[in-house]
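The values are calculated or read from the model by the stated rules, or taken from the named source; none is laboratory data. Everything numeric here is computed off the predicted structure, so don't read it as measured data. Cβ sites come from the backbone with ideal geometry, for glycine too, and all protein chains shown count toward neighbours. Side chains are part of the model used for accessible areas, which takes the heavy atoms of the whole protein and leaves out ligands, DNA and RNA. Shrake-Rupley method; radii C 1.70, N 1.55, O 1.52, S 1.80 Å.
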Number of protein chains: 2
Amino acid sequence: MVTEGVVSVTGLIAHGRGEAFDYLLGERTTPEAEAAEMAAAALLVLSERPIITVNGNAAALAVKELGELSRISDAMLEVNLFHRSDERMEKVCAFVEAGSGEQVLGRIQDGILEGIASDRARCCRAGLMAADVVLIPLEDGDRAEAMVRVGKKIISIDLNPLSRTSQAATVAVVDELTRALPNISAWVGKLRKDPQEAGRVLKNFDNRKNLTSVLDRICHDLREPSSD
Amino acid sequence: MVTEGVVSVTGLIAHGRGEAFDYLLGERTTPEAEAAEMAAAALLVLSERPIITVNGNAAALAVKELGELSRISDAMLEVNLFHRSDERMEKVCAFVEAGSGEQVLGRIQDGILEGIASDRARCCRAGLMAADVVLIPLEDGDRAEAMVRVGKKIISIDLNPLSRTSQAATVAVVDELTRALPNISAWVGKLRKDPQEAGRVLKNFDNRKNLTSVLDRICHDLREPSSD
């Protein structure tokens, strides 16, 4: 994957950081993750114009699952790279299209997300710029916070419950990507038949409380590893 | 570093895992780490024949500091690679010799550490095989446990307090490598003038208690991040 140019060197290090948090969570979908995945699905179902951003790590880990969520939620995939070059952008777009079976946005970036350094700010006007709800798997904190500042509702998928991305999100899913995405897709399948139920799910979800509960769970398991 | 062949792809991911734990520890030398570094120095001072093993990640992160500890503790450096080839071994040995200023062992591996898969079992008879105390920065659990089984006293440097390496060690230093090594060197400088004091330090150190205290600290900081 590295030599193919999909994942960057810093992407590998970031993957390792995720692995450590997943280890602390017991490498499973916790009840808090399940609740967030249901709320994420509700937000997608109730959105006017959702979009799913895809970077190199997300593509390498879960290209098929991203395609499935894209189809069931009518959200396009938009490739956004932290370490961007025209060559790498083309490589990742082609990789995601081949793996997901979906046409992706990203080759032409005619929009700017305000408030962050220029290279990472680039996006598609008809994609991320116009979206009301953005699902951001494995996104960095600067971009997540910038999206929130311009009024987007954000669904993050990030194994670190303390990351700026998780903290800034409307719905922070603290779960491993290949477990989270199929679960969100399944909930979208159920909730899109019942938008009122989706509204209730969303109303009852408190992101701050849910993240606090994740931290309590990590600490409990750290102190009593045998209770697993 | 990756293209130079010193660090492997899995080494980068492992580095990321370490970063996550360092983040949970507040990216500082905790009081527990300080106690372990003092005990590590005491163990080195009281050893008959200490050795310091060096893998690709340790070399990339702290080659100078490894050289300094080698000189002050009269412990040779022995290169041991998880992903081994003759070419990579020569590269890493040359890299460590240039950076540390010390001759290293590892080019000729005429010993076998029993109880682990053959490639990772290789070591030097006059080095690791003959040592009574082995300092293992960033070592994997299989090798750490194998060394303990053949009677070595182990000093680990590993940011994960729950890793099999930390759990197996005689003295587990849970600290970042470039903070830990100079601190151990400083303690060796002090304690080698007073072996009796070194004996007292070692007698008072309880590895299990110290690791439990590290976990308590992580949990406390997770629940009350504002108390920092």
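Which whole number gives the average count of other chain Cβ atoms within 10 Å of the Cβ atoms across peptide B:209-215? Numbers along the way, then the final one.
Numbers: counts 0, 0, 0, 2, 0, 1, 4.
Mean partner-chain Cβ count within 10 Å for B:209-215: 1.
Specify whether the C-alpha gyration tensor of region B:6-59 places it in the rounded, prolate or oblate class, a ≥ b ≥ c being the square roots of the eigenvalues: rounded for a/c under 1.5, otherwise prolate if a/b is larger than b/c and oblate if not.
Oblate is the answer for region B:6-59, as a/c is 1.5 or above yet b/c matches or exceeds a/b.
So what's the convex hull volume per residue for the Cα atoms of the protein assembly as shown, in Å³? All intermediate terms of the calculation are to be shown ahead of the outcome.
Working: hull volume 68.8 nm³, N = 456.
Per residue, the Cα convex hull of the protein assembly as shown comes to 151 Å³.
If you draw the axis that swings chain A onto chain B, which residue of A has its Cβ closest to it, and how far is that in whole Å?
Looking at chain A's Cβ atoms against the axis toward B, the nearest is A:Gly16, 1.
Peptide B:9-16: average number of partner chain Cβ atoms within 10 Å per residue?
6
Using mean Cβ contacts within 10 Å as the protection proxy, how do B:207-213, A:103-109, B:38-44, A:49-55 order, highest first? Present the calculation step by step, with values, prior to reporting the outcome.
Working: B:207-213: 15.7, A:103-109: 18.0, B:38-44: 27.1, A:49-55: 24.4.
Ranking, from highest mean packing down: B:38-44, A:49-55, A:103-109, B:207-213.
May I ask for the Kirkwood hydrodynamic radius of region B:69-228, worked out over all distinct Cα pairs and given in angstroms to one decimal? Before the final figure, lay out the partial values.
On the way: mean 1/r = 0.0581 Å⁻¹.
The answer is 17.2 Å.
After finding the eigenvalues of the alpha carbon gyration tensor for region B:119-168, what semi-axes result from the square roots of 5 times each, listed largest first in whole Å? Mind showing how you got there, number by number?
Working: eigenvalues 67, 23, 17 Å².
Semi-axis lengths for region B:119-168 are 18, 11, 9 Å.
Once the dipole of the protein assembly as shown is set up with Lys and Arg at +1 and Asp and Glu at -1 on Cβ about the Cα centre, which of A:Leu159, A:Met76, B:Val79 lies farthest towards its positive end?
A:Leu159
When all alpha-carbon pairs of region B:34-136 are counted, what percent fall beyond 21 Å? Could the numbers behind the result be given before it?
Working: 1646 of 5253 pairs.
Here the tail beyond 21 Å accounts for 31 percent of pairs.
Averaged over peptide A:159-168, how many Cβ atoms belonging to another chain are found within 10 Å of each residue's Cβ?
Details: counts 1, 3, 1, 4, 1, 0, 0, 0, 0, 0.
Across A:159-168, the average partner-chain Cβ count within 10 Å equals 1.
What share of the DSSP beta bridges in the protein assembly as shown is antiparallel, in percent to the nearest 5? Present the calculation step by step, with values, prior to reporting the outcome.
Values: 4 of 38 bridges.
That works out to approximately 10 percent antiparallel.
Keeping the other protein chains in place, figure out the carbon and sulfur percent of the accessible area of region A:1-128, with a 1.4 Å probe.
The value for region A:1-128 is 53 percent carbon and sulfur by accessible area.
When chain A is modelled as a GNM with alpha-carbon springs shorter than 10 Å, which of A:Glu68, A:Glu48, A:Glu102 fluctuates the most?
A:Glu48
Between copies, how close do the B:Gly189 label points come, placed 7 Å along Cα→Cβ, listed in nm from shortest?
Relative to the other copies, B:Gly189 has label-point distances of 6.5 nm.
Among the lysines in chain A, how many pairs, 8 or more places apart or on different chains, have alpha carbons under 24 Å apart?
Lysine pairs satisfying the spacing and distance rule in chain A number 11.
Out of all DSSP beta bridges in region A:126-199, what portion is antiparallel? Express it as a percent rounded to 5. Working shown, then result.
Details: 0 of 8 bridges.
Expressed as a percentage, antiparallel bridges in region A:126-199 total about 0.
Hey, for A:Lys203 with labels 7 Å out along Cα-Cβ, what do the inter-copy distances come to in nm, ordered shortest first?
A:Lys203 label point versus its equivalents elsewhere: 6.9 nm.
Gap in Å between the Cα centre of region A:123-147 and the Cα centre of region A:169-195?
Here the answer is 17 Å between Cα centres.
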